[in-house]
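Worksheet for the structure shown next.
The values are calculated or read from the model by the stated rules, or taken from the named source; none is laboratory data. This is a predicted model, so every value here is computed, not measured. A quick note on method: Cβ atoms are made from the backbone with ideal geometry, for glycine too, and the neighbour counts reach across all protein chains shown.
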Protein chains: 2
Amino acid sequence: MYSEIISKFFKEHNITVGDIVKVDAKGITEEGELMPSTEANDSGIIIVKLKSGYNIGINFKEAKISRVSRGKPYGEFPRADLKYKEGLPKIKLVYTGGTIGSKVDYKTGGVYMLTKPEELLYEIPELSDIAHIRACDFLHVASEDMSTDDWGKIAKEVGDSLNDGFRGAIVTMGTDTMHYTVSALSFMLEGLNSPVVVTGAQRSPDRGSSDAFLNLICSAHIAAKSNIAEVGICMHYSSNDDKCAFIRGTRARKMHTSRRDAFRAVNSRPIAFVDSKGEIAYNSDYKKLSKNFRSKVKIVTGFEKKVALIKAYPNSDPEIIDFYVGKGCRGLIIEGTGLGHTPALTENKNASWLSYIKNAIDNGVVVGMTSQCLYGRVNGMVYRTLRLLSGLGVIYCEDMLPEVAYIKLGWLLGNYRKEKAAKLLAENLAGEISTRSEYDEFLA
Amino acid sequence: MYSEIISKFFKEHNITVGDIVKVDAKGITEEGELMPSTEANDSGIIIVKLKSGYNIGINFKEAKISRVSRGKPYGEFPRADLKYKEGLPKIKLVYTGGTIGSKVDYKTGGVYMLTKPEELLYEIPELSDIAHIRACDFLHVASEDMSTDDWGKIAKEVGDSLNDGFRGAIVTMGTDTMHYTVSALSFMLEGLNSPVVVTGAQRSPDRGSSDAFLNLICSAHIAAKSNIAEVGICMHYSSNDDKCAFIRGTRARKMHTSRRDAFRAVNSRPIAFVDSKGEIAYNSDYKKLSKNFRSKVKIVTGFEKKVALIKAYPNSDPEIIDFYVGKGCRGLIIEGTGLGHTPALTENKNASWLSYIKNAIDNGVVVGMTSQCLYGRVNGMVYRTLRLLSGLGVIYCEDMLPEVAYIKLGWLLGNYRKEKAAKLLAENLAGEISTRSEYDEFLA
């Protein structure tokens, strides 16, 4: 509730929560929906939800506030007790933090973490009709702070749950590095025979525009009903609140900072679309689960941390390779230009990328090449200069995303001898490489 | 012409150039169009154009060749003398190499450079009906080898030509780093009052599927007829050979390794579409040239080479920042995750990116933040941890592409004092930042 002074002001000016208001403060003018205050808040901060979906907090004393238009009355989110219904498939929910597990801090307009995963499930009573969801309070980290060790822990928790009889698993996390995590899980869970769905939200669940609800409901449908035996991301497919896409973990990439449909399938198509009613439309080939043979998942969590992802661009300094070699780096993925170039590849230039790359390979480093174009396929054979690189032993990573190649190389070097790791880098293990490119999916 | 032995084999097996053939060599089977040989070629190499558009060379002695289907007869490209017609606008063509200036080497199946820009103009007689094009044989480099000095030289050549009375300019170059070059030209040509069109090709002009012809014809139309006073890229808009898009230089990005429509406008819409007949459809706001006041272009070519672009990702090593600081780096652009994060931003972690970034700023380095999502806008105010970064003085670069922010910072530090450069980094100079995001253009 807003403080007495603020409430009085609102009453006098015929402003109610939900109205569109204009706020001038310190020379900055913002327009948006007046949000309710929290009970604890008597600090004199007005909360306004901007069109962008973000909430801001403005000091009432410094602000000039006026009503622009009348809004819809603002309601509380529906709440329900966690109920478990008979006969529904058992799904494990591994909670790790992120925006889907956070609320707006009405004092600052910023975002902070929820304390318990149940807070999330309480908000979505529909989930109890889809599956028997057991939440596991696992981690409380922002996605940018998730470590390679965390990936292994999540893989183990998911794998153990599946081996204990859960039908599927949902992992909730922040979206910023979600495609790195989901890629790691794709390699770490070998011989998977269940759907593993990673999801999150671009806007926190206490916002009217949050994508958390549809994302979780659709994820539950995939985990409870689909016959997909793969790890993938289930998030909004468009900016409408109508359906989600389930994208293979090794093909997903966050392609927008803030849109709800930020995740895209790169060089592949989404495996399936799913709506809130549980209608699943399969859209491409995928690994199907076998009902007759419920094999155990093999959990392979080794990860070599001494790997790096390097971007090559005009005027970029090849000494960066020496920097990593000097630190004992065992694997390098280069995000080259176009078909897999680095600057100054021609033989007659001094201090070219070529000589530094040669030095790295001579020092036993596995070097893989990808493209910063993201879409398409690298090719070490088209241009003369490229043949110099592939001739040195640089491994061209086909149509694999740079981020996925980086995760894969760390995982390979964490679990295999170097020669074997180098050999497997350009071979398809978890849908990360395809022999034929699906052209029609480019930026669609 | 193919050698006598090969020609005899073709005759006996009723195979002619243009047919679709299957070739088995060393256990690898490829299918594609049989290409003509060059006169110089009597080395026993068969040239086959694959469906991907790439030519491969196969040793006849090692290959088993059979015809799959009858093809269309293969013709030479039309040739014409360079003619100049009266009354057409004068356009400068600055030739710098790249795939548009290259031919297939039939001995290896690789690609090498043309020796003269006229070779390119000879291939496209239509150009002489559009404009009086004066080619300037400027550089012969692959796009990945183009240097920051080259950008300045190109800017000077273009600027001088426009100041000497040319109506517009076309720059031909390789596509891999084209968006870096065009971005540099956008900042280096101040007060532009003419169209400056950068173009190239994804497939070399001696291939039937080359995009060089449409790209050059459309570029000539933009340079000769449009009222656009901006620098931009003119390349295929779709994989059809029907029209090109003219994309603002600070908004274009190569988003596919090999498609002809590889360039996309990010966080903006193409300025215009143009077809081979010269129909120009304007599609968004742009700077219009003034016919009454033909001001001189100011050519500002300073560029600080001690700048770098750093990608932040899970498990990435923040010591990379010290590496650059130690080398005297004056500007750093971070390609962060999501809204502009780096790993381990929280205050209580040791050796976090935060402390290294603070050290860089304390050492006088200008640090800018962008997003590896590419689409969308960074925001230093939404999450608590981000406020720590923006509090240190990290400059959030709005909806600017990471590559553009890198070029811009190098250019700013090459021409302005540090404080002024830092201030201008987040201000719009050449269409690289917009106050409102054009959401509907996301990946469309």
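Which condition from (1) within 20 Å of A:THR96 (Cα to Cα); (2) without any contact (Cβ under 8 Å) to a residue 60 or more places away in the chain; (3) in contact with a helix residue (DSSP H, G or I) (Cβ under 9 Å, 6 or more places away or on another chain) is the one that A:SER219 breaks?
In the conditions (1) within 20 Å of A:THR96 (Cα to Cα); (2) without any contact (Cβ under 8 Å) to a residue 60 or more places away in the chain; (3) in contact with a helix residue (DSSP H, G or I) (Cβ under 9 Å, 6 or more places away or on another chain), A:SER219 misses (3) alone.
Sort through A:ILE299, A:ILE310, A:ILE271 and tell me the only one that's modelled with pLDDT of 95 or more and within 23 Å of A:ASN379 (Cβ to Cβ).
None of the other options fit; the residue is A:ILE310.
Looking at the range B:204-249, which of the residues that are touching a Lys or Arg at 6+ places or on another chain (Cβ under 7 Å) and polar (S, T, N, Q) is surrounded by the most Cβ atoms within 10 Å (Cβ to Cβ)?
Out of the qualifying residues, it is B:SER204.
Does B:PHE9 satisfy the condition of being at pLDDT 75 or above and outside any strand (DSSP E or B)?
Answer is yes for this residue.
Please go through (1) outside any loop (DSSP other than H, G, I, E, B); (2) touching a Gly at 6+ places or on another chain (Cβ under 6 Å) for A:ILE310 and return the number of the only condition it doesn't satisfy.
(2)
Of the conditions (1) within 14 Å of chain A (Cβ to nearest Cβ); (2) under 29 Å from B:GLN372 (Cα atoms), B:ASP285 clears all except one; give me its number.
Of the numbered conditions (1) within 14 Å of chain A (Cβ to nearest Cβ); (2) under 29 Å from B:GLN372 (Cα atoms), the odd one out for B:ASP285 is (1).
Looking only at residues in the range A:162-184 that are under 17 Å from A:VAL404 (Cα atoms) and of a type in the set (S, T, N, Q), which one is nearest to the other protein chains (Cβ to nearest Cβ)?
A:THR177
Could you please let me know if B:LYS61 is touching a helix residue (DSSP H, G or I) at 6+ places or on another chain (Cβ under 7 Å) and either in the same structural domain as B:PHE9 (by TED's automatic domain parsing) or at pLDDT below 80 (or both)?
Criteria not met by B:LYS61.
Can you name every one of the helices (runs of 4 or more DSSP H) wholly within the range A:380-439 that holds 2 or more residues which are modelled with pLDDT of 95 or more and under 20 Å from A:ALA360 (Cβ atoms)?
Per the criteria, A:402-415, A:418-425.
Of all the residues that make up the range A:138-161, how many are more than 14 Å from every other protein chain (Cβ to nearest Cβ) and buried (at least 23 other Cβ atoms within 10 Å of the Cβ)?
Qualifying residue count for the region: 4.
Sort out which residues of the range A:96-133 are at pLDDT 90 or above and part of a strand (DSSP E or B), and write them in order of number.
Within the range A:96-133, A:HIS132, A:ILE133 meet the criteria.
Among (1) of a type in the set (D, E, K, R); (2) touching a strand residue (DSSP E or B) at 6+ places or on another chain (Cβ under 9 Å); (3) more than 23 Å from B:GLY302 (Cα to Cα), there is one condition B:ARG203 misses while meeting the rest; what is its number?
The single condition B:ARG203 does not satisfy is (2).
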